[in-house]
Amino acid sequence: MFILEIQPYGSKSKNTVCKYSKQIAKFLLTQDVKAIVIACNTASALAREELEDMVDVPVIDVVQPGARMAAASTKNNKIGVIGTQSTIKSGIYESYLHKINPELTVVSKACPLFVPLVEEGLFEDRITEDVVSRYLHDMKEYEIDALVLGCTHYPLLRGVIGREMGESVKLVNPAYETAKSLKDLLKEKDLLNVSGEKPEHKFFVSDGVDQFRSFANSILPYQVENTTVVDIESY
């Protein structure tokens with residue numbers, strides 16, 4: 001069993017993100033997990049190294065798989081990255097992309113209003129179209145042909161983003177690439193579940209149960225019936 005953790009940490013300081021990430025990791029270890037996915041671009045950028053030093057199970061983030069796919073997808077070596085303020089400010093995508101290919105041109109843009117739009121369920125709305133156009137209009141001038149959706153919320157806006165950027169721009173979903181990388185990692189370490197049994201899903205939150213359940217049920221292919229509240233400050 002492994003548990004994925006997602007939190008919108010894009011506007012928080014590095015100290016706060018690292019504190020919460022370590023508390024969550026300590027809790028996850030009590031659940032006998034075999035791997036931890038840092039399912040947040042901001043936490044991946046700011047807390048991965050501290051988590052790797054703290055736990056004895058494999059840790060995988062969403063940034064590196066997304067960067068690899070973007071580098072493999074571009075034909076003109078021009079890549080765009082959108083994310084929260086903290087993720088963009090960290091420069092983590094640029095760093096990984098330039099390690100893969102120093103010749104890449106990387107254009108980054110913080111899009112902080114995308115998260116509240118998603119959490120309000122405004123996936124296809126005139127307001128969303130206006131905000132997406134305001135953020136991304138200038139990015140089109142750089143002639144990028146791959147765009148990293150560098151926040152776990154952003155793929156839910158891929159329809160609007162795709163229309164704004166045009167068919168010539170490939171949208172890269174780091175979460176999807178991370179799922180594939182996680183499977184490869186578990187297989188490599190002989191941890192892959194090959195029993196064929198139906199997986200068990202457990203959901204834990206530190207606060208906002210009703211808000212989480214409403215949002216989760218709007219995007220997941222099944223209903224979240226049970227959610228457990230965890231006193232994260234005790235870890």
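The values are calculated or read from the model by the stated rules, or taken from the named source; none is laboratory data. Predicted model only: the values in this text are computed from it and were never measured. Note: ideal-geometry Cβ built from the backbone for every residue, glycine included; neighbour counts use all protein chains shown. SASA here: full protein model, heavy atoms, side chains in, ligands and nucleic acids out. Shrake-Rupley method; radii C 1.70, N 1.55, O 1.52, S 1.80 Å.
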Note on N173: of the conditions (1) more than 26 Å from T87 (Cα to Cα); (2) open to solvent by less than 80 Å² (accessible area, probe 1.4 Å); (3) in contact with a strand residue (DSSP E or B) (Cβ under 9 Å, 6 or more places away or on another chain); (4) touching a residue at least 40 places away in the same chain (Cβ under 8 Å), unmet is (1)
Starting from segment 52-67, take each residue that is in contact (Cβ under 8 Å) with a residue 40 or more places away in the chain and among the aromatic types (F, W, Y) and list its partners that are open to solvent by 50 Å² or more (accessible area, probe 1.4 Å) and assigned to a loop (DSSP other than H, G, I, E, B), counting only C-beta distances under 9 angstrom and pairs at least six apart or across chains. none
In segment 187-198, what residues are open to solvent by 70 Å² or more (accessible area, probe 1.4 Å) and in contact (Cβ under 8 Å) with a residue 12 or more places away in the chain? K189
Residue hits (segment 29-46; assigned to a helix (DSSP H, G or I) and either over 22 Å from K189 (Cβ atoms) or more than 18 Å from the chain's Cα centre (by Cα) (or both)) are L29, N41, T42, A43, A45, L46
Over segment 164-215, the set of residues among the small types (G, A, S), part of a helix (DSSP H, G or I) and at pLDDT below 90 is S214
Segment 87-142, residues that are in a helix (DSSP H, G or I), without any contact (Cβ under 8 Å) to a residue 40 or more places away in the chain, over 13 Å from L157 (Cβ atoms) and not aromatic (F, W, Y): K89, E94, S95, L97, H98, K99, I100, R126, R134, D138, K140, E141
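Looking only at segment 148-164, decide whether some residue is over 20 Å from the mean Cα position of the chain (by Cα) and not polar (S, T, N, Q).
Yes, the conditions are met somewhere in segment 148-164.
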